[in-house]
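Below is one structure; the comments refer to it alone.
Each reported figure results from applying straightforward, stated rules to the coordinates on display, with no laboratory input. As the structure is a prediction and not an experimental result, all values here were calculated from the model. Neighbour counts run over all protein chains shown; Cβ positions are idealised from the backbone, glycine included.
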Amino acid sequence: METSLIQKKKFFIIDFDSTLAKVESLDLLCEISLEGRPDKDECLRQVQEITNLGMEGKINFSESLTKRLSILKANKRHVPELVERLKNNISDSFNRNKIFFEAHSEQVYILSSGFKEVIVPVVAELGIKAENVLANSFEYDEEGNIIGCDKENPLAGDKGKVATLKKLNLKGEVLIIGDGYTDYEPKGAGLSSKFYAFTENVRRQSVIELADHIIPTLDEFLFLENLPRAQSYPKSRMTVLLLENIHPEAIRLFKEEGYNVEFVKGALDEDELCERIKDVSILGIRSKTMVTAKVLEHANKLISVGAFCIGTNQIDLKACTTKGIAVFNAPYSNTRSVVELTIGSIIMLSRNIIQKSNWMHEGKWDKSATGSVEVRGKKLGLIGYGNIGTQLSVLAEAMGMEVYYYDVVEKLQLGNAKKCKSLIELLSIADFLSLHVDGRASNKDMIGEAEFHAMKDGVIFLNMSRGHVVNIPALVKAIKSGKVRGCAIDVFPYEPKTNNEEFINELRGLENVILTPHIGGSTEEAQFNIGQFVPNRMTEYVNSGTSYGSVNFPQIQLPELKEAHRLMHVHNNVPGILANINQILAKHNINILGQYLKTNEAIGYVITDIENDVRHSEELVKDLKNIPGTIRHRMLY
């Protein structure tokens, strides 16, 4: 019985350079010791080349070490700075999983060809014992220059990790995590049961081919071995699909979180998305990709959809809600950009700038003021008085315009803006009309022949909202008749899916018509802001369950999850769900630390924090999922 228990004990042998630390210690020491030398870049290149040859097993360790030390010309005074830099370069997945090192401090060993005086103070940050660090030691001359290492240490020679591990003689299952060939050697010698190729920092194909498992993060290893960890489910197993050339900042943030990120420049049609969305956990789109009920039928793992824009009419929100998929957008991030384009278009149209510019390129000089007017004192009519409408109102007033608006929702006017009682009233008084409404289906063709007829003769018309809200044939007719003397359109009922597709529309070729390819929010500032805002909302939801900012979920702002497990339950909004959840928790003798519930007209969202020392059985999870009306259940810790 005692022998059986010993055999089941696990030991964890972890490499240091490029595994526990993001970098190679000697590479970093090289940077420090060569600071100020004119040949620094060349020396760094040589050291890196030698390091890679050694890690790939193409030269032996002693040769690699000797060559690198001869280039370094390092001194003992450089070691403290090296330690401090390495403390700031602990791999992210190691840093967030201190719970593992605390629980298994006796069984975690660092086995490295690096140097103990550097490694010990760094791994102490994770709670790893100094006596469990097996590494080389520097040798110094009288002036403190590093001249080599202790030749008596097996780790200073070839197959040093094999010899050291053999001498350690661990009684139990030995698991090795590393990124280099020398990390694999003990497995090849039969001293460990599994070798895990760690790829968070470096990916070496020759090493990957030797591995029992490839682990992009420590989270993956801990999940596979069912060990204490910071993440209940490794993010490296979750795929993020980003379409329509979403800003690189979003890609960076998702990768930084540890997700597997796939990126597509253009939009996908329904059939293409049905195929690509399989096994995707997070989907990011802009305005051209339609997330339909059919698409969602193929989304077997989808947790959240992010619209990297203001509108969400391209997403079937009802279908997302019934499947427990939280949808987020960016209602404020590109507001200023749209407003500035609108202001610029108003001025250009009032002065007929486009036509005059075209004539100039043709060599025609027309200095006439005919049809060219100031915007000061003119009446601007805003159809829709939301985030964009209100900010446009403020800037237009600053230019001396009189602002009128109409909105179906009661809104508090800013400055001197005046609310109209009806759309027809607004249309009849405005010199400039600018649309800023959402894309709901009921807004289709809200501006058609009757509405153009109600406008002033010679009105200037702008649509920066949604393409389908304006009837294009009616607009063309109004332009040709002179009812509309100029217009700026940024959105269209049909828009090309890629930059290579031709834009076809009846508005092409008409005078004093500004056509822009849906670029209202396409500024570097807006796209960067959106690229930050939406991923932050989505990862917050995945990480903690916080639904604040969701357009279809009950909005709950949750406290940080500390020393607890969090159960999240999405269900149809019917009576008795909360009582059922609590009955099941009581049945399993689980104490509740905190509980939050919010509902909307369709669904309810319950978050329950419970003690983290509870061993969650499959039976508990099964019971919660089987509550009648359950849509989705997730557990976080």
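Taking a sphere under 12 Å around the Cβ of Gly344 and counting the other residues whose Cβ falls inside, with K and R at +1 and D and E at -1, yields a net charge of -1. Using a cut-off of 11 Å between beta-carbons, work out the net charge of the residues near Leu433 (Lys and Arg +1, Asp and Glu -1, Leu433 not included). Net local charge, Leu433 excluded: 0. Relative contact order of the chain, taken over Cα pairs closer than 8 Å and 6 or more residues apart, is 9 percent. Helical content of the chain, expressed as a calculated mean residue ellipticity at 222 nm, amounts to -10000 deg cm²/dmol (DSSP H runs of 4 or more residues, -39,500 (n - 2.57) each, divided by residue number, nearest 500). Here the Karplus curve 6.51 cos²θ - 1.76 cosθ + 1.60, taken at θ = phi - 60°, turns the phi angles of region 316-330 into couplings of 6, 5, 5, 5, 4, 5, 5, 9, x, 9, 7, 10, 10, 9, 10 Hz, with x standing for Gly and Pro. From least to most packed, judged by other beta carbons within 10 angstrom and beginning with the fewest, Val327, Val373 follow the order Val373, Val327. A simple spin-label model places the labels of Trp365 and Phe503 3.2 nm from each other, with each point 7 Å out along Cα-to-Cβ. Each peptide in 294-304, 510-520, 426-436 gets a packing score, the mean of other Cβ atoms within 10 Å over its residues, and the list from highest to lowest is 426-436, 294-304, 510-520.
Extending 7 Å from the Cα toward the beta-carbon at both Glu152 and Lys411 defines two label points whose distance is 8.1 nm.
Each listed q (0.10, 0.13, 0.16, 0.17 Å⁻¹) maps to a log10 I(q)/I(0) for region 146-282, found by the Debye formula over equal Cα scatterers with no solvent: -0.50, -0.73, -0.93, -0.99. Just round it to a whole percent: the fraction of Cα-Cα distances in the chain exceeding 37 Å. More than 37 Å apart: 53 percent of the Cα pairs in the chain.
Helix screen, the chain: DSSP H segments with Cα axial length of 18 Å or more and mean Kyte-Doolittle hydropathy at least -1.0 are 40-55, 335-350, 524-544.
Computed about the Cα centre, the dipole magnitude for the chain is approximately 1480 debye when only Lys and Arg (+1) and Asp and Glu (-1) carry charge, each at its Cβ. Using the Karplus relation 6.51 cos²θ - 1.76 cosθ + 1.60 with θ = phi - 60°, the per-residue 3J(HN,Hα) values for region 588-599 come to 8, 6, 10, 8, 8, 8, x, 8, 9, 9, 8, 10 Hz, with x marking Gly and Pro.
Using the count of nearby Cβ atoms within 10 Å as a rough guide to exposure, how do Arg45, Arg229 rank from fewest to most? The fewest-first ordering by Cβ neighbours comes to Arg45, Arg229.
Sorted fewest first by neighbouring Cβ atoms within 10 angstrom, Phe223, Phe115 come out as Phe223, Phe115. A full extension of the chain between Ile59 and Arg252 corresponds to an added length of 66.0 nm, given 0.36 nm per residue minus the alpha carbon distance. Where both bridge residues fall in the chain, DSSP classifies roughly 35% of the beta bridges as antiparallel.
Through the Karplus equation 6.51 cos²θ - 1.76 cosθ + 1.60, θ set to phi - 60°, convert the phi angles of region 405-416 into ³J(HN,Hα) values in whole Hz; use x for Gly and Pro. Once θ is set to phi - 60°, the couplings for region 405-416 become 9, 9, 8, 6, 9, 5, 10, 7, 6, 9, x, 9 Hz.
Given R0 = 45 Å, the distance between the Cβ atoms of Asn573 and Leu395 translates into a calculated FRET efficiency of 0.60. Under the simplified labelling scheme, the Thr523-Asp445 pair shows an inter-label distance of 3.6 nm, with each label point 7 Å from Cα along Cα→Cβ.
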